[in-house]
1. Using 24 Å as the Cα-Cα cut-off, could you pick out the over-long pairs in Lys123/Lys203; Lys125/Lys184; Lys94/Lys165; Lys51/Lys126; Lys94/Lys123; Lys94/Lys120?
2. Can you tell me the relative contact order of the chain? Whole percent, Cα pairs under 8 Å, sequence separation 6 or more.
3. Rounded if a/c is under 1.5, else prolate if a/b beats b/c, else oblate: with a ≥ b ≥ c from the C-alpha gyration tensor eigenvalues square-rooted, which is segment 282-361?
4. Ala139: net charge of surrounding residues, Cβ under 12 Å, Lys/Arg +1, Asp/Glu -1, itself excluded?
5. Give me, ordered by chain and number, the residues 5 or more places off Lys157 or on other chains with an amide H under 5 Å from its own placed amide H.
6. Just add up the charged neighbours of Val358: K/R +1, D/E -1, any other residue whose Cβ is under 9 Å from the Cβ of Val358.
7. For Phe91, Phe259, Phe113, which order do you get if you count the other beta carbons within 10 Å of each Cβ and list the fewest first?
8. Enumerate the calculated ³J(HN,Hα) couplings along segment 271-277 in order (Karplus 6.51 cos²θ - 1.76 cosθ + 1.60, θ = phi - 60°), each rounded to whole Hz, writing x wherever the residue is Gly or Pro.
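Please treat every number below as a calculation from the coordinates, not as lab data. Please read all numbers here as calculations on a predicted model, not as lab measurements. Virtual Cβ from ideal backbone geometry, glycine too; neighbours counted across all protein chains shown.
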Amino acid sequence: MVRVSRRPRAWGAMLIAAVGLCVTALTLAACPKNVPQDLASGEDSKFKGAKEMTLENNESRASGIVTYPGGDRVDWKVLDLPKDQVGTVRFRLKWTPPRPGLDLSFDVYNEYFHVIGSAKPNKRKKSRKTNKVVTVENAKGKLYVQIYASERGDAGKYALTAEWKEFQVDSFDWLQIVVDDPPKLPAVPENEKGCDAVNFDPKVAACLKICPLQFDAKWPGCATVCPTPPDPALPQCKAMLPCPPTPDRNIPACTRDKFPACDPAKIDKGNPNCDDYRPPDRIGEVTDIQADDAGGGIQITINLGTSDGVDKGWKGVLLDSNDKPIRGSDFKVSKVTKNVSVAKVKLDASKLSPNNPVRLSAP
């Protein structure tokens, strides 16, 4: 058996690898759609340049690569059968795809270019089938085989084998054979129009990602573009604005050192120097104790309020005569007025002394 293979091409392997990268990254259709199917094809992409397959011991073999995304979708082979003989040819196509699920197909034509056998594309998506067989009866003369990547995105390294078996017939009328015309291959889609800021047309899809020279804040392509001069109202211009005399923490140029020190008497949330500020603890006394019938424990009133800087949500703990925290007396201020705070403590009132000391801490 004689092996007939295509000339080595360095780009062949590169294009096969490109298929795996292309179809898994963006969308499956977006990458190969813009590549003409014959961008990188050789002479064998047309039937006139078909590579010859020679029978030896009634067998022949050829190999190659077809890749739609790589611009080499079609290969042609021609098998010259023994002169004045009629028989059966069994073609088998096996291929190795760059990733599972990619499909190859082939058609067999007689010397008059009528289809006499066809291994059609797989109908089931992501089929892992990697071989197809076509048997041609009553074969004679020259047979042309068109091998092609079935769909945009398909590719594979293939091996095509042909097995010939002669049979004797008294007579054979080729005019009685009804064959179809060759199938039409999908047309290569027209290349999409490009776009730039000068050649801008809002009707062109590519212009959706381009900001025109006449800046339009509502246009999608301008969403990340800051015009000249910068517009302080646009978020994308924040990084380009200088820090104003009155610092604004929303402007990157206004670093922490450009803000004044935090004033404990008036906490400014717009001043980053106040972010870590925590007022000092306050020490007060319990002025009233009431039983908490609803939740158990007691309700205490403390002689510290908003005038002392205390606010709702402050944490507290009762202290013993040595100013040590009483175990289990932790609480949170639930109500506060100008002069007093109220909290609930799950503690027996008998454990408290008159005017029991309390320490309150900011959250």
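1. Checking Cα-Cα distances, Lys123/Lys203; Lys51/Lys126 exceed 24 Å.
2. 12 percent.
3. Details: a/c = 1.66, a/b = 1.20, b/c = 1.39.
Oblate.
4. Working: positive: Arg90, Lys140, Lys142, Lys165; negative: Asp80, Glu111, Glu137, Glu163, Glu166.
Net local charge, Ala139 excluded: -1.
5. Close amide H contacts, sequence-distant or interchain: Thr96.
6. Working: positive: Arg282, Arg359; negative: Glu285.
Taking every other residue near Val358 into account, the sum is +1.
7. Numbers: Phe91 24, Phe259 19, Phe113 12.
Fewest-to-most Cβ neighbours within 10 Å comes out as Phe113, Phe259, Phe91.
8. So the J values, rounded to whole Hz, are 9, x, 5, 8, 4, 9, 6.
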